[in-house]
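The values are calculated or read from the model by the stated rules, or taken from the named source; none is laboratory data. On a predicted model such as this, the values are computed, not experimentally measured, just so you know. Cβ sites come from the backbone with ideal geometry, for glycine too, and all protein chains shown count toward neighbours. Calculation scope for accessible area: heavy atoms of the full protein, side chains included, ligands and nucleic acids excluded. Shrake-Rupley method; radii C 1.70, N 1.55, O 1.52, S 1.80 Å.
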Amino acid sequence: MKHFVDLQLRVPLKDLPQAERMIHKADVLGYSQVGIPFPPDVTQEQISKLKQVCTDAKLDFVSRTNLFPRNSSELLRDLRRYRRKYEIVAVRCNTKDVARQAAKDRRVDLIQFSATNLRQRFFDEQEAELASQALSSLEIELAPMLQLTSFSRIRLLSRLRKEAATAQRAGVPITLSSG
């Protein structure tokens, strides 16, 4: 019985054979479900092709988009435009304004922060409280962690430990994805 889910399997959308190999590899590794991130303005045809590949590989398919708003008004506009099109909406918060708006909006499923720039990580007690009320989850991507070296990785892990403790105190779920 498969128990693993990856909500951010970044497959090359323009290279279908490579995408098929990655999806089949996820099946071999024991995943039961994969979330594939699409650009917000992707065509329904591209989504249905990858959905069929997942069905052939006996994997549950989850459509997902990652939003990168510059301010809170752009975030609200994007949520109105794309929320119904995708099962999961993740927001990369590069400013505190966007982070607060994403944390309190029920249309946001996952909240992400920069792994390389620690000054753009805004997950604190207030953010956690807003996220817990809106039922959002803090997403931590593992790929950037593997790419960082020595001291930067240590600083990121230290920050993630503090954020995880904050999320746990507030009852905010933490989602790890391959990224």
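Summary table
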item: Probe 1.4 Å, protein heavy atoms only - accessible area per residue of the chain in square angstrom; result: 55 Å²
item: Extension gain (nm, one decimal) between residue 74 and residue 60, 0.36 nm per residue minus Cα-Cα; result: 1.9 nm
item: Within the accessible area of the chain (1.4 Å probe), percent carbon and sulfur; result: 52 percent
item: Alpha-carbon centroid distance for the pair the range 145-179 / the range 76-120, whole angstrom; result: 17 Å
item: Prolate/oblate/rounded label for the range 20-179 (Cα gyration tensor, a/c 1.5); result: oblate
item: Cβ-placed point charges (K, R +1; D, E -1), dipole of the chain about Cα centre in debye, nearest 20; result: 300 debye
item: Under 24 Å, Cα to Cα: Lys pairs in the chain, sequence gap 8 or more or different chains; result: 20
item: 145, 22, ranked by accessible area, largest first (probe 1.4 Å); result: 22, 145
item: Area of residue 27 that stays accessible when all protein chains are in place (1.4 Å probe, Å², to 10); result: 40 Å²
item: Exposure ranking of 153, 81, 10 by accessible area [1.4 Å probe, largest first]; result: 81, 10, 153
item: Rounded accessible area of residue 154 (nearest 10 Å², 1.4 Å probe); result: 110 Å²
item: Residue among 174, 133, 152 farthest towards the positive dipole end of the chain, charges placed on Cβ; result: 152
item: Interchain or long-range residues, amide H under 5 Å from residue 60's placed H; result: 33, 34
item: Gyration tensor (alpha-carbon) shape descriptor, the range 66-144, a/c threshold 1.5; result: rounded
item: Farthest positive-ward along the range 1-142 dipole, Cα basis, beta-carbon charges - from 52, 123, 7; result: 52
item: Label-to-label distance, nm, for residues given as residue 16 and residue 119 (7 Å Cα→Cβ offset); result: 4.6 nm
item: Pair residue 178, residue 52: separation of 7 Å Cα→Cβ label points (nm); result: 2.3 nm
item: Kirkwood-Stokes translational diffusion coefficient of the range 1-109, alpha-carbon pairs, 4 °C, 1.567 mPa s, µm²/s; result: 88 µm²/s
